[in-house]
């Protein structure tokens, strides 16, 4: 997975070729490169457990869920590169993205827990009822320790009084430190180049966040990235976070772990 430019070098052509080609070979390589077509590729490294993953962990009982599926679209799905919904991040202030189907739910909940099972962050998110991609973020003021893993839950709250009616998906954030060589590569790079570098080094959360910001400018690359992790059907899903305000962090007011956030086995 690299940014590739496929330029056919002409070099010096044999004199037996027609004169027009001989003249063409005399042009500077730089001028030829400027007019040559390029093929750009942004694909995430292959994962062993990729392929037809069960992206959702549904907690709803039959007939009680508030989800309304669109034809050809999945249910609640984390935009992650593997079945276990695990990925690396190279920084604090990490964001993740989840596809939400149509529903009658008013709110969703984002919960993050450390390796000891202690809640470190919780946020209530406003739902619009429409399908699309929602963003959930761990703010920089909630540091993620290098070398530690954190489990997150994203729950569509169908019924605040009955957690069995809710729909939930979970995943994991692995906090990894950037290598000095990677830090150097990222300096003074635009978002697309950053996404390429993050992807090359297996930082999924940072790759996806960078591409989400420029998906309108780079629609083909955005589609290629999602296709490389088996999420092609979500490439055209709208970004709901552009228009949906989030409610304030609730972790200070409800410190106990809520049952509605944890999907039933």
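The values are calculated or read from the model by the stated rules, or taken from the named source; none is laboratory data. Fair warning: this is a prediction, and the values are worked out from it, not measured in the lab. Cβ sites come from the backbone with ideal geometry, for glycine too, and all protein chains shown count toward neighbours.
Computed quantities for the displayed model
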read-out: Odd one out for residue 193, checked against (1) under 21 Å from the mean Cα position of the chain (by Cα); (2) in a loop (DSSP other than H, G, I, E, B); (3) surrounded by fewer than 17 Cβ atoms within 10 Å (Cβ to Cβ); value: (2)
read-out: Conditions (1) under 26 Å from residue 151 (Cα atoms); (2) part of a helix (DSSP H, G or I); (3) in contact with a helix residue (DSSP H, G or I) (Cβ under 7 Å, 6 or more places away or on another chain); number of the one not met by residue 208; value: (3)
read-out: Meets criteria (closer than 19 Å to residue 90 by Cβ and either touching a helix residue (DSSP H, G or I) at 6+ places or on another chain (Cβ under 6 Å) or modelled with pLDDT under 95 (or both)) for residue 144; value: no
read-out: Unique match (being touching a helix residue (DSSP H, G or I) at 6+ places or on another chain (Cβ under 8 Å) and touching a residue at least 60 places away in the same chain (Cβ under 8 Å)) among 84, 122; value: 122
read-out: Sole exception among (1) out of contact with any strand residue (DSSP E or B) (no Cβ under 6 Å at 6 or more places or on another chain); (2) surrounded by fewer than 23 Cβ atoms within 10 Å (Cβ to Cβ) for residue 119, by number; value: (1)
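The rows are residues; the columns are (1) surrounded by fewer than 23 Cβ atoms within 10 Å (Cβ to Cβ); (2) at pLDDT below 95.
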residue	(1), (2)
151	yes, no
154	no, no
157	no, no
161	yes, yes
173	yes, no
201	yes, yes
204	no, no
211	no, no
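One line per residue, one yes/no per condition, for (1) closer than 30 Å to residue 65 by Cα; (2) out of contact with any helix residue (DSSP H, G or I) (no Cβ under 8 Å at 6 or more places or on another chain):
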| residue | (1), (2) |
| --- | --- |
| 127 | yes, yes |
| 133 | yes, no |
| 163 | yes, no |
| 174 | no, yes |
| 181 | no, yes |
| 186 | no, no |
| 197 | no, no |
| 216 | no, yes |
| 222 | no, no |
